[in-house]
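Read through the structure below, which is laid out as structure tokens, and then see the notes.
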Amino acid sequence: MPQSIRKRKKHSPTKMRPARTSLFHGSNQPFEIYQCKIEPSDVGEVLVKVNLAAICGSDLHTFTGRRTSPIPCILGHEAVGQVAESTDVTDFNGNTLNEGDRITWSIVSSCGTCLNCTSYQLPQKCETLSKYGHAQRSLPRDLNGGFAQYIRLQPGTAIFRLPDSMADSESVSLNCALSTVIAGLNVIDIGDSVVIQGCGMLGIYATSLLRYYGCGVVAVVDVRSDRLKMAKNFGATHTFNLTEVSPDQINDELLALTNQYGVDLVVEVSGVASAFTDSLDWLRIGGYYLTLGYVYPEAVTIVPMDKIVRKCLTIHGSHNYHPRFLGDAIEFVQETRHQYSFNLLIGNTYPLAEIDQAFQEAIKGNQIRIGLNPWE
Ligand SMILES: [Zn+2]
Ligand SMILES: [Zn+2]
């Protein structure tokens, strides 16, 4: 049989039962638990059994209406799972994937040929991008979100095998939060002194990464003392609670820590628009501001632009990541997992049937991430 014909053969998931999914129907509305039949995968697709998913801040933006999403859709992009059927697809490193391989994957699939994918090296902004957990679902074909028992990965998705040593709870947020932070930090001059604004998942990852990169001062700013305490466990050298100290007082402390120069870098992962203006005083002449958290249109603030010009500041925005940074994320956690308890970043884990309660818990913000186990 010619190779081309053989390749067109679809994989048949004969052993599989229907997949349980959760459908998002609009902001602040209950999810619908929906059973759907799993259709055979086409060539280039990979059916994945989801072991664990996590509710990310952007899922909360969608759920609360701060960010629009086509409906109905299966939310969820932070997930980890196992290849559920034999496939001809190779992972990012060129090795064939086998049934049972434990994997993580890029949160988007991209074409690899458009200008954004090639010349601009921003495949996460591909002109024909498809983003898991944010796309409309046409039933029953598209299993395209992580809050379900199965997800179907499309051609153009970067897939990475996970080391056996890394638990699902250590791996579930690599493909969004950690990769995003690594990608953002990759394009700037980090220096030695850093302030991180916001102590959610990205802030915690940024803290441990910047310590790993050798920064001497890694100060974390937030409004929650429990989170700041956690930041200390992930390498923060200093923490500032904005309910107790003003931005001016923080500035005084930062000047004292940096021989009156100001910090080299501020990393914004809070999503609080006014945080931007606070940081302009904290930065040294020629400093860098990296913003990763302003991912919703209401992130608007008034900025004294003269400070940017007179201090020769560089403002850098970064959104999502080139897939190679997902490989770096795996390596980083594998290397530092004995130093930092990344598994503790996933708090309570709910069965998929209790996804409404899981979202309510996540909105409270008492835990860095809430997990969803679709098989419980
Ligand atoms: Zn995310
Ligand atoms: Zn493209």
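Comparing 293, 255, 312 along the charge dipole axis of the chain, the residue lying farthest to the positive side is 293, per the Cβ-charge model. About the centre of its Cα atoms, the stretch 254-337 shows a dipole size close to 200 debye [charges on the beta carbon of Lys, Arg (+1) and Asp, Glu (-1) only; nearest 20 debye].
The local environment of residue 162, defined by Cβ-Cβ distances under 13 Å, has a net charge of -3 under the rule Lys, Arg +1 and Asp, Glu -1.
Select from the stretch 175-218 those chymotrypsin sites (Phe, Trp or Tyr not before Pro) which occupy a DSSP coil region and have at most 15 other Cβ atoms within 10 Å, ordered by residue number.
Working: sites: 205, 212, 213; in loops: 213.
Passing sites in the stretch 175-218 are 213.
When only Cα pairs under 8 Å and 6 or more residues apart are kept, what is the percent relative contact order across the stretch 188-317?
Numbers: 248 pairs, mean separation 30.7, N = 130.
This gives 24 percent for the stretch 188-317.
The number of Lys pairs in the chain with C-alpha atoms less than 23 Å apart, excluding pairs fewer than 8 positions apart on the same chain, is 13.
In a DSSP loop and with at most 11 other Cβ atoms within 10 Å, the GluC sites (Glu not before Pro) in the stretch 253-351 are 298. Comparing 207, 68, 104 in a Gaussian network model of the chain (Cα springs below 10 Å), the most mobile by mean-square fluctuation is 68. Here, the chain is characterised by an Rg to Rh ratio of 0.99, where Rg is the alpha-carbon radius of gyration and Rh the Kirkwood radius. Counting only Cβ charges, +1 for Lys and Arg and -1 for Asp and Glu, the dipole size of the chain around its Cα centre is about 1100 debye. Test of understanding: in a Gaussian network model of the chain with alpha carbons linked when under 10 Å, which of 183, 206, 167 would top the mean-square fluctuation ranking? So, out of 183, 206, 167, the one fluctuating most is 167.
With a sphere of radius 15 Å drawn around the Cβ of residue 225, what net charge do the other residues whose Cβ falls strictly inside it have (Lys, Arg +1; Asp, Glu -1)?
Details: positive: 224, 227, 229, 232; negative: 222, 226, 244.
Once positives and negatives cancel, what remains is +1.
Using only Cα atoms, locate the centre of the stretch 305-376 and the centre of the stretch 156-229, then give the distance between them in Å, rounded to an integer. About 8 Å separates the Cα centre of the stretch 305-376 from the one of the stretch 156-229. For the stretch 188-317, the square roots of the Cα gyration tensor eigenvalues, ordered a ≥ b ≥ c, give a/c below 1.5, which places it in the rounded category.
Could you work out the longest stretch of the chain that avoids the trypsin sites (Lys or Arg not before Pro) located in DSSP loops with at most 14 other Cβ atoms within 10 Å? It runs 142-376. Helices in the chain, meaning DSSP H runs of at least 4 residues, each add -39500 (n - 2.57). Divided by all residues, the mean residue ellipticity at 222 nm is -7000 deg cm²/dmol. Rounded to the nearest 20 debye, the dipole size of the stretch 96-160 about its Cα centre is 160 debye, using +1 on the Cβ of Lys and Arg and -1 on the Cβ of Asp and Glu.
Could you please report the charge total around residue 115, scoring K, R as +1 and D, E as -1 over all other residues with beta-carbon less than 12 angstrom from its beta-carbon? Don't skip to the end; give the middle numbers.
Numbers: positive: 125; negative: 127.
Residues near residue 115 contribute 0 overall.
Every number here is computed from the coordinates shown, using simple stated rules; none is lab data. In this text the structure is predicted, and so the values were computed from the model without any measurement. No Cβ is skipped: glycine too gets one built from the backbone with ideal geometry, and neighbour counts run over all protein chains shown.
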